[in-house]
Every structure is written in C-alpha cells, then in structure tokens.
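The values are calculated or read from the model by the stated rules, or taken from the named source; none is laboratory data. Predicted model only: the values in this text are computed from it and were never measured. No Cβ is skipped: glycine too gets one built from the backbone with ideal geometry, and neighbour counts run over all protein chains shown. Protein only, heavy atoms only, side chains kept; ligands, DNA and RNA dropped before computing areas. Shrake-Rupley method; radii C 1.70, N 1.55, O 1.52, S 1.80 Å.
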Amino acid sequence: MPKNEKIIYFDCRFGVSGDMFLGALVDAGVPFDLLDSTIRSLGIHHLELTQKEVVRHGIRATKIDVLLPHEHAHRHLADILAIIDQAQMSPRARKIASDIFSRLAQAEGKVHGKPPEEVHFHEVGAADSIADIICIATGIDYINPDSIVCSPVTTGTGTIEIAHGSCSVPAPATAELLRGVPIRGGDAPFELTTPTGAAAVVVLSQAFGPCPDMILDRMGIGAGTREMESHANVFRIFVGTAEREDKNCDSDEQLWMVETNLDDMSGESLAYLIQKLWEAAPRDIFTTPIQMKKQRPGVLVTVLVEKSQVDAVKNVFFHDSTTWGVRHYPIGRTQLPRRVESVATPWGPVAGKSAVLDDGTVKFKPEYEELARIARAEHLPLEYVQKVTANLFAASNRVGE
C-alpha cells in the first residue's frame, strides 16, 4: 500500500548560515513564538529573537536576528551541552542540537589537533550561535520530516577574519564539516556557508543531491544579512510529500560504502586490517578478489557504515593498510523488519529471527551459535539441527495461522 512520506529539501545554492536557517524555518510555518520561548528558557539575560520581512535581490524573505549584547564568554563542549540540557525542548530536538554541537567540536578538534571535549569555542560558542542551533533543532522537530535531502553546498570564496586571524573561504572548520559532501565555491567573494550552517545541514541530511520528487506543500525563504549584487542572499527549505510503497519493509536508509583496492599486503597484514576495521563498529565488511594493473591479483576491501563512521574507517585504511586512496559514496539500503523468535526443539529453545515477505511467506533464521551449541552437546551434525529447527518453526507458524 502506498503511504505519504514528508520530505524536507535544503537549497544551499547561495549558502547557509544559522540566521538564514531560522528565517527559512519560520517562513515555512514553524511558529516564531515557539523558537522565541525556547531560547528564553536558556536563562541567558537579554537574549531574544526578532522577525521581519525583507527583500533580497527582488525576492521576499524572512529575516530572523538573535539579539544579545556582545559577550566574551568562550565555552567548551560540556558548557554548551549543559545549556542545551536545561532548555525547554523535546528529547528529539535536544538530541539534534547536541549532535550538531558535537559535530562542530569534532571538526574544530580535527583542525586544531585537540580532542573534541577540549575544543575552546569562539564564534560558534557565543550565545547567539547556541540560540541558532537550538532553534534549528526545535524547528526541524516541529516539522517532523521522514527524510531530509540537501543540495550541493555553495561555500563562497575570498578570505574572512576569524578568531585565529585571516583565512580563506571555506574556513577550516567549515571545510572539515563538509568532507564527503558535494560543494561549490560560487562566484561571490564572501563566506556564504558558516560553520553553524554547515554543521546543521551535515547532521540533519540523509543524502546530498538534486531535489527529490515530491508534491510541494510549502517553501520557506530565509534571508542573510548581506545584500548581494549578483544574487539573492537566501537559503530555501522545501517541504513536501511523496508516495512510497509500503512493502512490509523498514523504511529505506542511507548508508555509506568506504572501499579501497589492495595488491601489496600480506595475508597476515590484511587480516589485521580487517580486524581493525571491525573495531570501528561498521554494519558489514567484505572482500572481493580483483585483478589490478600489471596483472597483479588484488583484493577489494569494502566497509558498510553509517555516515558518522566514514572518517573513522578512512583513517583505519590510511593508518593500517598500504593504500594511498579511499573511495566513499552513499548508497540506499532496505531491510526487512525483524522479529526475535524462539523455537521449542527436543534440545531446548532455539533463538532466531523472522520476517514476513510481501506474499505472506515467512523467513526464519536460527542463530548460528545456538545451533552450534546443540550440535556439540548432542554430537549431531550442524545441518541436521538446523533443518529440524527450521521445520519446527514452519510447523508452529502454520498452526498459528
């Protein structure tokens, strides 16, 4: 049966920043009062939001400003997470905000060679940036999308002044945040994507690419501060619905493949590499025999991971293998919904998992360790124990129909 799926699409053609993000959310229907009450719950004196309608290069947009007298407070990740914990927001919104700041801390730590918890936030640790991220999390939670897709991110060009001096665009932390994401420099000699904007779209998006097929319900346009001569300084959010076939499967998820070709490692070294890769807790690892240049036999090592694990797996490849390059790309995966089962057998209960297919067929797989334990204890062939267990499950399933 078809079912509707709510989709958000982030249009970062002209960049994205915290205030642009908030403007787009409010313009897309997130109540301004909800965001205002959320930041008032932080207990930071004189912190408030303002809303106004502006025109950027002939396009109407919503401009949200976070007002706060200049402060000199420089915060660590623990300080910011403590502020988030005391905010009046849903558990989901709280997690989104914490994830965005944790991702920022990882990027800043990578840039400065420090553990994330030791990062000393400057610009993004200010109360206005904290308010931006907390309100972004609250707004996304309010819309409650099933999936989020983001366009390639335009970063801008030129140089900017940051706490550590002048640097080229994108700023080091922004560039680190956007690793693995399609980006464009654009023509504007300004910073178009800030670390706050980059962290938000990276954490929230399941995929990057063109706008997915959907029935457009509403659009939100958020304005930046600068008035550009070449284009409208805006960030857009599209909210729509798409029909998806419900095939008794869990909803599709996006994972990432990280892989490399190897032809100059010994069997022992390759086994050690795979052991180290498993320590990164991937979804799966597999190897494929391949023929490489100069007719050398090689092996393709492929690792299936969640997006947050890509960097860790790449680091293992570079540190513990002879490779000089790693490929990584997003893939879609659909898996059957699994149910834990227990089958009564002559040797006691055997645990397993089952799933129901579209045509009503029931798949069942007993746990290998359970079968092996019985086979050893009863001195029986493993295949015999497996067959008996499967037949007993099938019989009990028919009786229950």
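Can you list the helices (runs of 4 or more DSSP H) found entirely within segment 1-99 that contain at least 3 residues being modelled with pLDDT under 90?
Correct list: 77-86.
Take Phe286 and decide whether it is surrounded by 14 or more Cβ atoms within 10 Å (Cβ to Cβ), of a type in the set (Phe, Trp, Tyr) and in a strand (DSSP E or B).
Here the answer is no, as Phe286 does not meet what is asked.
So for segment 309-332 (the condition being among the acidic types (Asp, Glu) and either on the phi > 0 side of the Ramachandran plot or part of a strand (DSSP E or B) (or both)), does at least one residue qualify?
no
I'm checking my understanding of the structure. Among residues of segment 333-357 that are over 22 Å from the mean Cα position of the chain (by Cα) and not in a strand (DSSP E or B), which one is nearest to Ile274 (Cα to Cα)?
So the residue we want is Arg338.
Name the one entry in Val55, Val16 that is buried (at least 16 other Cβ atoms within 10 Å of the Cβ) and either under 16 Å from Phe235 (Cβ atoms) or touching a residue at least 60 places away in the same chain (Cβ under 8 Å) (or both).
Residue meeting the stated conditions: Val16.
With respect to Ala372, determine if the residue is free of Cβ contacts under 8 Å to residues at least 40 places away in the same chain and out of contact with any Leu (no Cβ under 8 Å at 6 or more places or on another chain).
no
Those residues that are part of a strand (DSSP E or B) and either among the β-branched types (Val, Ile, Thr) or surrounded by 11 or more Cβ atoms within 10 Å (Cβ to Cβ) (or both), I need them from segment 289-308; list them, please.
If we filter segment 289-308 for residues that are part of a strand (DSSP E or B), which is where we start, we get 289-291, 297-305.
Scanning segment 289-308 gives Ile290, Gly298, Val299, Leu300, Val301, Thr302, Val303, Leu304, Val305.
Do you know which residues across segment 127-153 are open to solvent by less than 20 Å² (accessible area, probe 1.4 Å) and part of a loop (DSSP other than H, G, I, E, B)?
Pro145, Ser151, listed by residue number.
Within segment 187-215, how many residues are more than 23 Å from Ala242 (Cβ to Cβ), of a type outside the set (Phe, Trp, Tyr) and modelled with pLDDT under 90?
3
Mind checking which pairs have a first residue in segment 24-51 that is of a type in the set (D, E, K, R) and a second that is not in a loop (DSSP other than H, G, I, E, B), Cβ under 6 Å, 6 or more apart or different chains?
Asp27/Thr62; Asp27/Gly220; Asp27/Ile221; Asp36/Leu49; Glu48/Leu67
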